[in-house]
1. Filter Lys176/Lys236; Lys112/Lys176; Lys66/Lys233; Lys168/Lys189; Lys176/Lys234; Lys66/Lys168 down to the pairs with a C-alpha to C-alpha distance above 31 Å, please.
2. May I ask for the net charge around Gly210, where only other residues with Cβ less than 9 Å from the Cβ of Gly210 are counted and Lys, Arg are +1 while Asp, Glu are -1?
3. Which cross-chain or sequence-distant (5 or more) residues have an amide H under 5 Å from the amide H of Asp141, H modelled 1.01 Å from N in plane?
4. Show me the ranking of peptides 167-179, 130-142, 215-227 by mean Cβ neighbours inside 10 Å, starting with the highest.
Amino acid sequence: MRRLRRKAKGKLYCGKALSRKRLTLDITLRFAVFALVVLLAVMKFPEAKARVLGWSLFRLDSVTLKGNRYLLDDQLLEIAGIEEGTCGLGSDVGEIHSRLVRHPRIKSASVKRFLWKKIHIAVEERTPVALLDYTQLMEIDEDGVAFEPVHATLIPDLPIITGLSCGKVAPGDRVKGREIERVLALIRKLRSPEVSLYDQISEIHVDRGGALFLVSIHSGTPVLVGTENVTTKKLKALRVALADMQRREVTPVSLDLRFRNQIVVREAKESASDVLSKAGTEAGRVAFF
């Protein structure tokens, strides 16, 4: 005799039972959504907001820094306005970025936040290429942007720009004018791999007539560049001439780059008229290239 099964009252569940793992995840997500709603509601009240943001749960665990070569980590954090125990949830990434790029030494920056526990800061610093002899010595980069005045006991090993007439210059300002543009263009050529003469120059002087002078770091010999833009070819020849004079222990009074395919060398016993008379000839102390 066949046994009959009794049908259960109501609708039967034909699907699979929820696993314990999925059930736990579902409860966790619902709790997280509920907590977020409560948190947003609390944020509307200043006192409650301050207390909530003070919880250790919302403090930054780590701040990673990248790209700073001149600025110390502590200096960069101070510029960004990030202190120990800072609330990550209350940190405005846009404001941190604005503080960073307003600093004279920082050319560009990116700030990323991972949830509220971690912030990553990457910066591109401006590289100082010379010291501007203003009321105080100020570093400037290849774009002419001035940094804060250097400390008297911590003067960096950079060529000094002297004789330049410029108006008021504050940290972060871009020094403008025809003379500074010519000086910066000359520095770029001196730093180029083809010339490699930058490390041998201690001073770049601008006289009242706008002529540029280089001063050798080894012998102190002034090199008259003139008012025209000097070519890479002539600067390469100058490098060879300076190396040759250093090897032979010769210290001339001055060198002159104003003449085509020549470097005129003035010795101590010669007058300026004697040197100029050699230009265009093969006589005397004239280096040809």
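What follows draws every value from the coordinates through simple rules; no lab data is involved. Everything quoted here is computed from the prediction, not taken from an experiment. Reconstructed Cβ throughout: ideal geometry from the backbone, glycine too, with neighbour counts over all protein chains shown.
1. The answer is Lys112/Lys176; Lys66/Lys233; Lys66/Lys168.
2. Neighbourhood net charge equals +1.
3. Residues meeting the criterion, in which the H sits 1.01 Å from N, are Val129.
4. Taking the mean over residues of other Cβ atoms within 10 Å, the ranking is 130-142, 215-227, 167-179.
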